[in-house]
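One structure below.
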Amino acid sequence: MKSKKIKGTKSIQSKGLGDTIEKITKATGIHKVVTNVSQLINRDCGCNKRKEKLNKKFPYKTPNDEINIDDMIKHQLETDLAILKGSKIMYGKDKKEI
């Protein structure tokens, strides 16, 4: 997926939701207003922390993401075993229930 250039932003592929929100706020002028207000009140706006948290919680997959075959096989075996046992099926790093 190609990333489109938004006026006032660098043409860098977003890592996650935080990067996308940053691009939108820069393109709309919100980022500049927040930065100016933050400087006036001498307080950090927290934008970078928020961006990193959102990127971590809602990352985008890229074509360069590595697929770990061993993990895929292990997950499939666990899923098959759970079905046979009638257990709840869990998936992903956070072990969410299907």
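All of the numbers you see were taken from the coordinates with simple rules; none came from a lab. Bear in mind the structure is a predicted one, so any value in this text is a computation, not a measurement. Positions of Cβ are backbone-derived with ideal geometry, glycine not excepted, and every protein chain shown enters the neighbour counts.
So how far apart, in nm, are the two label points at Asn42 and Lys61 if each is 7 Å from Cα heading toward Cβ?
My value for the distance between the label points is 4.9 nm.
What does the charge add up to near Lys53, with Lys and Arg as +1, Asp and Glu as -1, over the other residues with Cβ less than 14 Å from its Cβ?
Working: positive: Lys15, Lys49, Arg50, Lys51, Lys56, Lys57; negative: Asp19, Glu22, Glu52.
It works out to a net charge of +3.
If you keep only loop residues by DSSP, which trypsin sites (Lys or Arg not before Pro) in segment 18-87 have at most 10 other Cβ atoms within 10 Å of their Cβ?
Details: sites: Lys23, Lys26, Lys32, Arg43, Lys49, Arg50, Lys51, Lys53, Lys56, Lys57, Lys61, Lys74, Lys85; in loops: Arg43, Lys61.
Here the trypsin sites (Lys or Arg not before Pro) that fit, given the DSSP loop and packing criteria, are Arg43, Lys61.
Under 5 Å between amide H atoms, partner at least 5 residues away or on a different chain: which partners does Gly16 have, H built in plane at 1.01 Å?
Tyr60
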